[in-house]
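The values are calculated or read from the model by the stated rules, or taken from the named source; none is laboratory data. Remember, it's a predicted structure, so these values are computed and weren't measured experimentally. Every residue, glycine as well, gets a Cβ built from its backbone with ideal geometry; the counts of neighbours run over all protein chains shown. For the accessible areas, the whole protein counts, side chains as well, though only heavy atoms, and no ligand, DNA or RNA atoms are used. Shrake-Rupley method; radii C 1.70, N 1.55, O 1.52, S 1.80 Å.
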Amino acid sequence: MKNWKTISIIIVGFIIFYSAFIYFQSRNLKNGGTEMVYRSMEITFKVESIENNVGDYIVIDAPVVDHENSLYFGVIKEFHLEPHQEAIINNGKSTIVTYPNKSDLWITINATATDLNNSYVVAAKKLGIGKKIALYSKGYAFYGTTMRIEDIDYE
């Protein structure tokens with residue numbers, strides 16, 4: 001009979017200890033701040049060496065979707081074309097060559113990003129300068145390099 005009393009005391013003690021552990025863990029989660037923070041962003045992409053008439057296919061305020069996972073990315077705010085240039089080395093000298101039948105597209109997209117304290121995420125894509133992202137919109141698809149990320153909510 002002495003063994004039953006000892007076992008009962010140990011079980012009751014374990015239940016009390018485990019209940020206290022669960023209580024304090026749940027309290028820490030509530031105080032930890034689980035709400036998501038969203039930021040309005042302007043993200044500018046550069047698409048190199050494309051046809052000069054691509055501006056005919058881009059629609060301002062058209063929705064943009066991530067090509068890999070088909071998630072909404074944002075809307076086109078603005079775009080412009082610049083002559084495509086490349087640096088080449090000729091006889092040991094660096095020269096910039098302009099291609100008259102090619103352009104570089106600079107396209108800015110308004111998006112809502114999730115702020116993860118150390119990075120921003122849009123359409124399940126972690127944003128970063130120099131990162132290449134495939135997107136498509138009404139009438140046009142592109143694979144561009146992120147050149148600028150601006151937080152327009154920042155005060």
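Just a few scattered comments:
- Residue-normalised accessible area of the chain, expressed per residue, 1.4 Å probe, Å²: 70
- Summing charges over all other residues whose Cβ lies under 9 Å from the Cβ of Thr146, with Lys and Arg as +1 and Asp and Glu as -1, gives +4.
- Count Lys and Arg as plus one, Asp and Glu as minus one, and take only other residues whose Cβ is under 12 Å from that of Tyr99; the net charge is then -4.
- Accessible area per residue was computed with a 1.4 Å probe on protein heavy atoms; Lys93 scores about 140 Å².
- Only Cα pairs under 8 Å and 6+ residues apart enter the sum, and on that basis the relative contact order of the chain stands at 30 percent.
- Computed FRET value (nearest 0.05) for Ser94 with Lys138, which takes r as the C-beta separation and R₀ as 25 Å: 0.05
- Gained length - Lys5 relative to Ala20, 0.36 nm times residue gap less alpha-carbon distance: 3.1 nm
- Radius 12 Å from Cβ of Glu68, net charge of other residues (Lys, Arg +1; Asp, Glu -1): +1
- Here the accessible area of the chain is 57 percent carbon and sulfur, with a 1.4 angstrom probe and all protein chains present.
- Helix axis angle, 2-31 relative to the chain longest principal axis, alpha carbon, degrees: 30
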